[in-house]
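Just so you know, all these numbers are worked out from the coordinates, no wet-lab data involved. Worth saying up front: this structure is predicted, and the values here are computed from it rather than measured. Here Cβ is always computed from backbone atoms with ideal geometry, including for glycine, and neighbour counts include all displayed protein chains.
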Amino acid sequence: MNLRQYKKKYFICDDDYGKKMYAGDTVELYCPYETKTVWTSIIYWSPLYGACVDSHPAHKKMFDEPDRQRHLYGLLKQRPMKLYDGNDEICEIRQGYCKKIKSFYSA
């Protein structure tokens, strides 16, 4: 299978910045309502489950499951979220994202 056939068969979707994502690409993920840090993962593809990525390292440790994964589609196109301080005042608004940082075919 050449690169063109692979891209046609394993195209998943666009990331939040408009880049095309394929199975095997490396992505940077940020989900402000769950964690305060960014993590990276490879996109895995299964005909049964669809596109999955690794969970945040903190979630893997919390649930004691080193192979924990989650669906990619839940991390795409996140809405801006209001974060509150201890006094119930809005301190900032953050938006999560999914950003492709490396293609599966780049060295």
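See the values below:
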{"item": "Residues that are surrounded by 10 or more Cβ atoms within 10 Å (Cβ to Cβ) and assigned to a strand (DSSP E or B), drawn from region 87-107", "result": "Cys91, Glu92, Ile93, Arg94, Tyr97, Cys98, Lys99, Lys100, Ile101, Lys102"}
{"item": "Matching strands (runs of 3 or more DSSP E) fully within region 1-53 where at least 1 residues are surrounded by 14 or more Cβ atoms within 10 Å (Cβ to Cβ), among the acidic types (Asp, Glu) and in contact with a strand residue (DSSP E or B) (Cβ under 8 Å, 6 or more places away or on another chain)", "result": "11-14, 26-30"}
{"item": "Search result, residues across region 1-41 that are of a type in the set (A, V, I, L, M, F, W, C) and in contact (Cβ under 8 Å) with a residue 40 or more places away in the chain", "result": "Leu3, Ile12, Cys13, Met21, Ala23, Val27, Leu29, Cys31"}
